[in-house]
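Step one of this worksheet: look at the structure below.
The values are calculated or read from the model by the stated rules, or taken from the named source; none is laboratory data. Keep in mind that what you see is a predicted model, and the values were worked out from it rather than measured. Note: accessible area is taken over every heavy atom of the protein model, side chains too, but ligands, DNA and RNA are not part of it. Shrake-Rupley method; radii C 1.70, N 1.55, O 1.52, S 1.80 Å.
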Amino acid sequence: MTERADGAAYSDAVSEYAPLGRGELREAARAGMAVTSGRG
């Protein structure tokens, strides 16, 4: 579903996050949440 909303953004996200390990994904998620909640 997400890829239908914005195919280019979805492809960019996949290529950026796919190679990350579990810990790196966790850190990326935390950083993203901090930015979107105004804490980053």
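List of remarks:
- Condition check for Gly23: assigned to a loop (DSSP other than H, G, I, E, B) and either at pLDDT 90 or above or not basic (Lys, Arg) (or both): no
- Out of Val14, Val35, one residue alone is modelled with pLDDT of 90 or more, β-branched (Val, Ile, Thr) and open to solvent by 60 Å² or more (accessible area, probe 1.4 Å). It is Val14.
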